1. Checking the a/c ratio against 1.5 first, then a/b against b/c, what shape does the Cα gyration tensor give for the range 21-78?
2. Ignoring everything except DSSP H segments at least 4 long, calculate the 222 nm mean residue ellipticity for the chain; use -39,500 (n - 2.57) per segment, divide by total residues, nearest 500.
3. Quick one: length gained pulling MET85 to GLU193 fully straight, 0.36 nm per residue minus the C-alpha distance?
4. Provide Rg and Dmax in Å for the chain, with only Cα atoms included in the calculation.
5. Carbon and sulfur together cover what percent of the accessible area of the chain at a 1.4 Å probe radius?
6. Might you list the cysteines of the chain that have no disulfide-compatible partner by the rule of another cysteine's Cβ under 4.7 Å?
7. Simple spin-label model, 7 Å along Cα-to-Cβ: ARG63 to VAL182 in nm?
8. For GLU107 and ARG155, what does the FRET efficiency come to when R0 = 22 Å and r is the distance between their Cβ atoms, rounded to the nearest 0.05?
Amino acid sequence: VNVIPWMLPEPITKAIWYYGQLLAIQDCLYRSMHEAKYASFNDIDEFMVPHGHNASNWADMIRVMIQPKTVGFSFNSAFFDKLKMDPEEKNPRFENFTALQTIKRSERFSTIRTKCMVQPLQIFEKGIHHVSKPIFADLIIQKVPESIGFLHHYRQCMANFGFDCVHFTEDRTLQRLESQIVKNAKLARLELELR
């Protein structure tokens, strides 16, 4: 992960929409064009998670989904709301891992709060929740069926756009990756301490 501080002068942040989020997305898109085959655009509290039995990671998921002229994937999202958890469901082992701790998600998926994974070299303009414009009109951004993957959004459910924040279901998909997540977090913490 490369962290690039995004600090714009205050007069500019007040004059442009949502602190320059679209500018940051375009900057990331263009920076990654020659560094990565795919770039994922999501917030720090969001994860694109494979759900199909044929896709245990992003590479598998892409192999399952890829078609000619596909240059990106759009993921519907579900809210994983820790306020919906019963206290006895909380596992003390995952105290520092909200994503592993939170197993209640919205039953419905949001088709508005989508996020995308794209081939940056093939995208001219990227929006927050969609691809605005591929480099050629015949290129495709594929909708990912929830049976193959969707965006886990770890925050309080937002009932805007008519979204249902009443009905929740249990989803333990991320727990199957528990050992790898914990191992990677420990390695990252150790690396930070060594710097």
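The values are calculated or read from the model by the stated rules, or taken from the named source; none is laboratory data. All values derive from a computational prediction rather than experimental measurement. Counting neighbours? That spans all protein chains shown, and the Cβs are built from the backbone with ideal geometry, glycine included. For accessibility, only protein heavy atoms count, side chains too; no ligands or nucleic acids. Shrake-Rupley method; radii C 1.70, N 1.55, O 1.52, S 1.80 Å.
1. It comes out oblate by the Cα gyration axes.
2. When only DSSP H runs of four or more count, the value is -7000 deg cm²/dmol.
3. Length gained between MET85 and GLU193: 35.6 nm.
4. For the chain, the Cα radius of gyration and maximum Cα-Cα distance read 17.9, 52 Å.
5. C and S fraction of accessible area: 57 percent.
6. Cysteines of the chain left without a disulfide-compatible partner: CYS28, CYS116.
7. Spacing of the two 7 Å Cα→Cβ label points: 2.8 nm.
8. So, using R0 = 22 Å, E works out to roughly 0.85.
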